[in-house]
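Take a look at the structure below.
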Amino acid sequence: MLPRDKKGETISVWVRDPKIQKDEWPSYLDYEICLHTNSMCFTLKTSCVRRRFREFVWLRQKLQSNAVLIDLPELPPKTPFFNLINAQNVEQRVRGLQEFLNKIMQCPVLLSDSRLHLFLQTQLSPEEIEACASGQTKFSVEDAIYKYANSIRRFPVEEEEENKSLCVS
């Protein structure tokens with residue numbers, strides 16, 4: 001748990017429960033990110049999403065481009081032959097991702113980035129996060145968080161396509 005200020009605001013973020021996803025080739029690990037906070041910075045006070053390592057890499061690049069004067073924490077190294085089965089490799093990566101997020105949560109400038117909020121509180125893909133954060137969707141960041149937090153669905157396009165197919169039937 002990270003104390004935010006003297007008002008008693010806290011932000012707790014956990015990276016846990018790595019799971020192998022075999023739906024795509026090559027297989028990959030994703031990680032559950034759970035957030036619990038009383039901070040006014042966040043739309044929802046609790047949320048859990050799943051993210052893969054390359055999405056963390058994307059987030060770090062975007063945060064760095066938005067806050068060029070801030071020295072962002074490093075992610076755990078990308079191992080060329082990362083072994084999904086090696087428990088020690090997986091545990092080191094989980095700890096590294098946890099440390100990365102904990103350090104980010106301590107920086108007010110980074111906490112103001114809507115991409116961070118969408119990353120932590122929705123299942124939107126990086127492309128969908130970027131579109132929403134840059135105002136290229138009919139949904140605001142807050143709408144997206146309320147609608148797609150703790151959801152396995154990605155973005156409104158899926159819902160619109162479902163509705164169209166129901167109307168045609």
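The values are calculated or read from the model by the stated rules, or taken from the named source; none is laboratory data. All figures in this text were calculated on a predicted structure; none of them were measured in a lab. Reconstructed Cβ throughout: ideal geometry from the backbone, glycine too, with neighbour counts over all protein chains shown. Ligands, DNA and RNA are excluded from the accessible area calculation, which covers all protein heavy atoms including side chains. Shrake-Rupley method; radii C 1.70, N 1.55, O 1.52, S 1.80 Å.
The set of residues in the stretch 59-74 that are open to solvent by 50 Å² or more (accessible area, probe 1.4 Å) and either of a type in the set (A, V, I, L, M, F, W, C) or touching a residue at least 40 places away in the same chain (Cβ under 8 Å) (or both) comprises Lys62, Asn66, Val68, Leu69. Residues of the stretch 21-53 that are more than 18 Å from Cys107 (Cα to Cα) and not in a strand (DSSP E or B): Lys22, Asp23, Glu24, Trp25, Pro26, Ser27, Leu44, Lys45, Phe53.
If you go through the stretch 44-53 and keep only what is more than 19 Å from Leu75 (Cα to Cα) and open to solvent by less than 40 Å² (accessible area, probe 1.4 Å), you end up with Leu44, Ser47. When the stretch 80-98 is filtered for residues that are modelled with pLDDT of 95 or more and among the hydrophobic types (A, V, I, L, M, F, W, C), the ones remaining, listed by number, are Val94, Leu97.
Considering only residues of the stretch 3-43 that are of a type in the set (A, V, I, L, M) and open to solvent by 30 Å² or more (accessible area, probe 1.4 Å), which is modelled with the highest pLDDT?
Met40
Going through (1) surrounded by 12 or more Cβ atoms within 10 Å (Cβ to Cβ); (2) of a type outside the set (D, E, K, R); (3) in a loop (DSSP other than H, G, I, E, B); (4) at pLDDT below 95 one by one, Pro77 falls short only on (1). For Phe56, the criteria (1) open to solvent by less than 20 Å² (accessible area, probe 1.4 Å); (2) part of a helix (DSSP H, G or I); (3) in contact (Cβ under 8 Å) with a residue 60 or more places away in the chain hold in every case but one, which is (3). Check Gln106 against each of (1) free of Cβ contacts under 8 Å to residues at least 60 places away in the same chain; (2) loosely packed, with under 15 Cβ neighbours inside 10 Å and name the one condition it does not meet. Just one mismatch for Gln106, condition (1).
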